[in-house]
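The values are calculated or read from the model by the stated rules, or taken from the named source; none is laboratory data. Because the structure is a prediction, the values reported are computed rather than measured. Heads up, the Cβs are rebuilt from the backbone with ideal geometry, glycines too, and the neighbour counts pull from every protein chain shown. We work out accessible area using only protein heavy atoms, side chains counted, and drop any ligands, DNA or RNA first. Shrake-Rupley method; radii C 1.70, N 1.55, O 1.52, S 1.80 Å.
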Amino acid sequence: MHANFTLTMAVAAIPGERMRVLGFLVLLSAFFLLLRGPAMGQAPQSRPAPSAKEWHFVVSGDSRNCGNFIMPAIADGAARHQASFYWHLGDFRAMRAPDQDLQGELDRSGKVRHLDVDDYHVRAWDDFVEMQIAPFEKHGIPVFLGIGNHELIPPKDRLQYVERFAKWIASHPAKEQRPEDSASSRPPRTYYHWQQDGIDFISLDNASHDQFDPEQLSWFNRLLKQDANDPAVVAVVVGMHKALPDSISNWHSMAESQEGMRSGRCAYNSLVRLQQDSHKRVYVLASHSHFYMPDIYNTQFWRSSKNAKHTVLPGWIIGTAGAVRYRLPEHSPSSAKTDVYGYLLATVNAGGVPGAIDFEFKQVQKNKGDGEDFVSDDVKKKFSREAQDYCLNGNSDMSPANVLPEPPEAPCPELQ
């Protein structure tokens, strides 16, 4: 405004009609500059303060194997709780072999469809959209997708993933957030973020052993720096397929690879710095392990980590949307559950506190009379008796959980 005022006073020294015309043009230019807002790179204009009204979202992951039974029930639960959106943390279909639910789907004549592997690879992702995403869209609930390792099993890859699921990667608020990123001109990536009511939701890609790569980790750190400096952001929720390293479930996490171990620890440390330096609330969600578990980073490694300042971040595993159920590892919290299906119901601004989020596990039962979330008879009748029996009474892997070695921590160059 000071610069515009100076320009206007300088023009006033020009005599006559020319002075009036130029003065009008300068004032008009100043008016449009004010409308346009700050230039790229400048601090954003202040936004409305986050509300303290409670609202909900729903999250789960791993809907391969039997997700066609379970996901419609999760969609019904999301609708009942008036969820603002549903977030899937990856692994939509098995891809190595046909999923048991798809093998048991009945055609219009009531006969079981028989798919060979090639037919299955063509059909699998369309089946996921029709049987698992469509129930949410029927309720008018936006869907956000994260990528899992099974989305990269050949013949599938990241390019095909982005092409098929771009609608649920770069849509809704996420699409509107992209211009704030330095790489906004790129096509949709497999990682992205969106903001809602003072919460920055960040969906990361750790679906392969080379992730997080330097580009994604740099993007993540830039984003956290923006969040730290933005008074309108009161909390950050990070979702990914594999849990960060050194969790209770480290055997099935980013600890599966050397780069995953290194970059995952650095991402954890970045979140700790955000939480401690800017006093923003941080929540970390993952799946990949096919059970429900809260407090997953309450381990000896993180409690003793100097790099993380002995900080245990709030974390959950919610891999219960239909995949074959795994055994719980040793030292699991008493509230952890396996051989169950279900989802996390998140209550944002819990108790009227902006940015406070409560997470509650909601189990999907086999039958209507067993609880408020259940597999409906209308869903069951789409499948053979054999598929119903396997998915509702079996679908469990009894192999014991393993433990992976945890190398000593090392500094993160990104944080120096």
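Computed in the context of the full set of protein chains, the accessible area of segment 338-416 at 1.4 Å probe radius has 50% of its extent on carbon or sulfur.
With a threshold of 29 Å on the Cα-Cα distance, the over-threshold entries among 111/337; 156/366; 225/309; 280/368; 53/280; 138/225 are 111/337; 156/366; 280/368; 138/225. Highest-first packing order for the peptide set 107-116, 269-278 is 269-278, 107-116, based on the mean count of other beta carbon atoms within 10 Å.
Scoring 386-399, 255-268 by mean Cβ neighbours within 10 Å over their residues and listing the highest first yields 255-268, 386-399. For segment 366-372, 3J(HN,Hα) computed residue by residue from phi via the Karplus equation (6.51, -1.76, 1.60; θ = phi - 60°) reads 6, 9, 4, x, 8, x, 6 Hz, glycine and proline entered as x.
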